[in-house]
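*Asks:* If you scroll down you'll find the structure; I have some questions about it.
Throughout, read-outs are computed from the coordinates displayed, never taken from laboratory work. Since we're looking at a predicted model, the values are computed, not measured. Counting neighbours? That spans all protein chains shown, and the Cβs are built from the backbone with ideal geometry, glycine included.
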Amino acid sequence: RRRVDYLYSVCQKNGLVLDQACRNPSRLSRMPGAMRGEQKQYLLETNFGKANWGEWKDWVESVTDDLPDTESMAAAWENMPELSPALIEGVLRQGHKMLLAGPSKAGKSFALIELCISIAEGVPWFGRFRCAQGKVLYINLELDRASCFHRFRDVYTAMGLNPENLRNIDVWNLRGASVPMDKLAPKLIRRAAKSGYIAVVLDPIYKVITGDENSADQMAKFCNQFDLVCRELGCAVIYCHHHSKGAQGGKRSMDRASGSGVFARDPDAMLDMTELEPTEAIRTQMKNRAACAACCELLDKRGHGDAYGTDDALSKTQMLAICKDRLGQADLRMLDAEIERAAAHAMEKTAWRIEGTLREFARFAPVNLWFDYPVHQLDSGLLEDLQPETDFRTAGRAGAAKRWAATDKEDTAKKNRKELATAFEACTMDGEVTVYAMAEYMDLKPRTIKQRLKADGGYWIDGEKVGRKEPGYKG
């Protein structure tokens, strides 16, 4: 009876509908040599098929599974399937998966909201990565409904965009109503099947994790739910996850996410955010820039935009002198307050570096950002020489790390001195040596050249002119 039941289920599964009421095993057979009406029955073939029931059962289950068939590479060679179009140029294709990992307070949620807006409006993400335009679903698992909508509006405003394509953004607020991902995936597929989304963003995934995040097999099953959503909806799935505890600078970018390594190896693109600690010189330069911007704004407002040039706008001292010459006491007092406010605001910004581990594209150069609440802004070059903090947990490793760091720092300093000397000598052939000439020769930015010249200590800088210090030089 069990075999007959199994046969009926196989037939049903493969489209052969039989009378389920007929359960007599003899009805499944025919008698060779006997007459059936006017026709004599006979065997078409003998000794074919499988040797026994067990072999046949294994065979029928192997050919009727839900897995795709194998394909010949020779057949596909001249008729290659088209690659999915890029959702984020150079990073992620449509229908693929992406993980954004980072520590607490990195602004990961803000970054994902910026991404949703970039996709909806068809503008570059972080001002760096171009995005395809289309509909996106943001699944909010952490914020209350009001906070989520206000955050979207604040980010839109800070990005300086007109909300011309708000209809491209749908929000599914699930705070307090979230379910494990294996239960959420079919509900999501059912709701979003006809919406035409090109991306679904889940923020954050710890709210829907099923099982132990340190278990590879359990996290593999969890991540398979993202594949299901991608396949059924034909859209990209983007989600964020937190770093493990401790400083992350000594780890590879793909090893910083908390839990099993499946998190880093499963997605088609993994972007990792690590914090950078700006030096005092960088902070000072930021405050000077903020002061110059405040001076320019007030001069323009009072009709004195012709009082300063491009070079003047780079010097706080020069801009303050121009302001004192052109503005009254009331404006100067207001300017002092604005400069103080702008300097304080500059000190509140945090610095971040994004590194990518990609499956479909070549790895991009690290991208440095400032998180100026509530948006991330592309760095202009101030952060390029900084490195993330490294955490060594034992005294032995800490000592070794210090020695390696000291050696690396010494080697870098020697290399920089040699390169500066070569560039300086080469530029003397054209007469007067300038920061811009050395920057062009070394293919670096002028501000980087200035920083290296000051760190070297063997050169003087007068405006943009550069010279070598003579013995006994006192400045």
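*Asks:* Rounded to two decimals, what ratio of Rg to Rh does the stretch 325-392 give with C-alpha atoms and a Kirkwood Rh?
*Replies:* Here Rg/Rh amounts to 1.21.
*Asks:* So which helices of the chain fit the span-like rule, where a helix is a whole DSSP H run, its Cα atoms reach 27 Å or more along the axis, and its mean Kyte-Doolittle is at least -1.0?
*Replies:* Qualifying helices: 280-301, 329-348, 395-428.
*Asks:* Hey, another quick one. Between ALA216 and MET347, with labels modelled 7 Å along Cα→Cβ, what's the label distance in nm to one decimal, could you check?
*Replies:* Label at ALA216, label at MET347, 4.9 nm between them.
*Asks:* Of LYS135/LYS349; LYS108/LYS349; LYS414/LYS465; LYS183/LYS221; LYS13/LYS57, which pairs sit farther than 20 Å apart, going by alpha carbon to alpha carbon?
*Replies:* LYS135/LYS349; LYS414/LYS465
*Asks:* Lysines near LYS415 by alpha-carbon distance under 20 Å, same-chain residues fewer than 8 away left out - which ones?
*Replies:* The reachable lysines, counting only those whose Cα sits under 20 Å from LYS415, are LYS402, LYS445, LYS450, LYS454, LYS469.
*Asks:* Do you know the relative contact order of the stretch 2-63, to the nearest whole percent, from alpha carbon pairs under 8 angstrom that are 6+ apart? Please report the intermediate quantities before stating the final value.
*Replies:* Numbers: 22 pairs, mean separation 9.4, N = 62.
The value is 15 percent.
*Asks:* At a threshold of 8 angstrom on Cα-Cα distance, excluding pairs fewer than six apart, so keeping six or more, what relative contact order does the chain reach in percent? Could the numbers behind the result be given before it?
*Replies:* Numbers: 643 pairs, mean separation 64.7, N = 475.
Across the chain, relative contact order equals 14 percent.
*Asks:* Hey, got the dipole for the chain? About the Cα centre, +1 on K and R Cβ, -1 on D and E Cβ, debye to the nearest 20?
*Replies:* 1520
*Asks:* Quick one: plug the Kirkwood hydrodynamic radius of the chain (C-alpha pairs) into Stokes-Einstein at 25 °C, 0.890 mPa s, and report D in µm²/s. Please report the intermediate quantities before stating the final value.
*Replies:* Numbers: Rh = 28.3 Å.
Reported coefficient: 87 µm²/s.
*Asks:* Just want the answer: with Cβ charges of +1 for Lys and Arg and -1 for Asp and Glu, which residue in GLY54, GLN41, ALA21 is farthest toward the dipole's positive end in the stretch 2-63?
*Replies:* Comparing the listed Cα positions along the dipole, ALA21 ranks first.
*Asks:* Same structure, new question: Treating only the Cβ of Lys, Arg, Asp and Glu as charged (+1, +1, -1, -1), what charge dipole size does the stretch 86-276 show about its Cα centre? Round to the nearest 20 debye. Don't jump to the answer; show the numbers that get you there.
*Replies:* Details: 25 positive and 20 negative charges, 52 e Å.
Magnitude of the dipole: close to 260 debye.
*Asks:* Ranking MET31, MET219, MET273 by Cβ neighbours within 10 Å, fewest first, what do you get?
*Replies:* Neighbour counts put them in this order, fewest first: MET31, MET219, MET273.
*Asks:* May I ask for the distance between the Cα centers of the stretch 37-81 and the stretch 422-448, given as a whole number of Å?
*Replies:* Result: 74 Å between the Cα centres.
*Asks:* Here's something else I'd like to know. Sorting THR279, THR412 on the 10 Å Cβ count, fewest up front, what's the list?
*Replies:* Working: THR279 14, THR412 11.
Ranked by crowding around the Cβ, least crowded first: THR412, THR279.
*Asks:* What does the helix-only formula give at 222 nm for the chain: each DSSP H stretch with n ≥ 4 adding -39500 (n - 2.57), the total divided by the residues, and the result rounded to the nearest 500 deg cm²/dmol?
*Replies:* -13500 deg cm²/dmol
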